[in-house]
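Engineer: Got a structure here, written out as structure tokens. Questions coming.
The values are calculated or read from the model by the stated rules, or taken from the named source; none is laboratory data. Computed from a predicted structure; not experimentally measured. Methodologically, a virtual Cβ is constructed for each residue, glycine included, from the backbone with ideal geometry; neighbour enumeration extends over all protein chains shown. Side chains are part of the model used for accessible areas, which takes the heavy atoms of the whole protein and leaves out ligands, DNA and RNA. Shrake-Rupley method; radii C 1.70, N 1.55, O 1.52, S 1.80 Å.
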Amino acid sequence: MVQRNGGAAAARNTGILNAKGEYLTFVDSDDCLDADYLQVLYDAMVENEADMSMVNYRLFEPTERGVKFVNYITADDVETMVLDPRKAVSLESGWHLNGSVFMMIWGKLFKKECLEGLTFPEGMMYEDEAATHRMILRSHKVAFVNDPHYSYRLRSGSVSRDIIDDKNLQDLVRAYKMKIADFTTAGIPTKNVRGRYLAAIKEKLEQTRDQGPQFPGYRECQEVLRLADLNQ
């Protein structure tokens, strides 16, 4: 398939729409997989009669002295957990071991039917925040292998690490509002995700305090924090 570069969301949506197989997984273009990545995911799904499976991940960063790896878990943490999907999405903000693994779309294997009719919001940063939970909630059972078989590359130029402009701020607010609305609709407690949301907004405001006030997104973030103060 060939299409114009429309970002990660557009590429993923095209892949979902044109997929012919029974299972789908997502990999960022500059990340790395363990040799047994798919086998571990598939075995976990089949052995636990799950609709989706997932593994943990490690960070890696190429440096002048070689590749630096960062692991979130130790050998004592390795286990396989079978989770209700509502529990799985709630752990992204309340798990003591790397809750972000439940938020990212990569590192997971889905039965194709779990994603039918779902799309990632195109032209938007933080598209994983806005969409991954919906895909997990389409499943009936989640098999989670808490062992890193996916390696996520730390790189400069990442939209979430380096570029903080008006679009970044507005999309951050939009993504979290979408998530909190979905959690509320599904009856999933929002306290932890709301706390993470507000902490992220405060961090972005601090990082952009010199040039940020000129952005509508900056002012929107400020208004969200004012509203949050009413709930104290």
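Engineer: Rank 139, 90, 29 by accessible area, highest first, at a 1.4 Å probe radius?
Structural biologist: Putting 139, 90, 29 in descending order of accessible area: 29, 90, 139.
Engineer: Given the rule -39500 (n - 2.57) for each run of at least 4 DSSP H residues, summed and divided by the residues of the chain, what is its mean residue ellipticity at 222 nm, to the nearest 500 deg cm²/dmol?
Structural biologist: Mean residue ellipticity, 222 nm, calculated: -12500 deg cm²/dmol.
Engineer: Next question, about the same structure. With a 1.4 Å probe and all protein chains left in place, how much of the accessible area of the chain comes from carbon and sulfur atoms, in whole percent?
Structural biologist: Heavy-atom surface of the chain belonging to carbon and sulfur, 1.4 Å probe: 49 percent.
Engineer: So which lysines can residue 112 reach, going by Cα to Cα under 26 Å and dropping same-chain residues fewer than 8 places off?
Structural biologist: 20, 87, 141, 179
Engineer: Right, something else. With each label point set 7 Å from Cα along the Cα-Cβ vector, what nm distance links residue 141 and residue 165?
Structural biologist: Taking the two extended label points, one gets 4.8 nm.
Engineer: Could you tell me the center-to-center distance, by alpha carbons, between the range 188-232 and the range 98-118 in angstrom?
Structural biologist: 27 Å
Engineer: Do any GluC sites (Glu not before Pro) in the range 1-66 lie in a loop, going by DSSP, with at most 10 other beta-carbon atoms within 10 Å of their beta carbon, and if so which?
Structural biologist: Passing sites in the range 1-66 are 22, 49, 64.
Engineer: Once you keep just the Cα pairs under 8 angstrom separated by 6 or more residues, what percentage relative contact order results for the range 1-112?
Structural biologist: Once divided by the residue count of the range 1-112, the mean separation gives 36 percent.
Engineer: Mind sorting out which of (1) 52, 48, 43; (2) 59, 52, 32; (3) 46, 41, 31 is the real Cα extents along the principal axes in Å computed from the coordinates?
Structural biologist: (1)
Engineer: What FRET efficiency would be calculated for the residue pair residue 206, residue 20, taking the C-beta separation as r and a Förster radius of 41 Å, to the nearest 0.05?
Structural biologist: 0.30
Engineer: Could I ask something else about it? Roughly what would the spin-label model give for residue 184 and residue 220, points 7 Å off Cα along C-beta, in nm?
Structural biologist: Distance between the two pseudo-spin positions: 1.7 nm.
Engineer: Consider all pairwise Cα distances in the range 1-55 and report the whole-number % of them above 16 Å.
Structural biologist: 54 percent
Engineer: As an exercise, take the mean of 1/r over every pair of distinct alpha carbons in the range 94-232, invert it, and state the Kirkwood radius in angstroms.
Structural biologist: 16.6 Å
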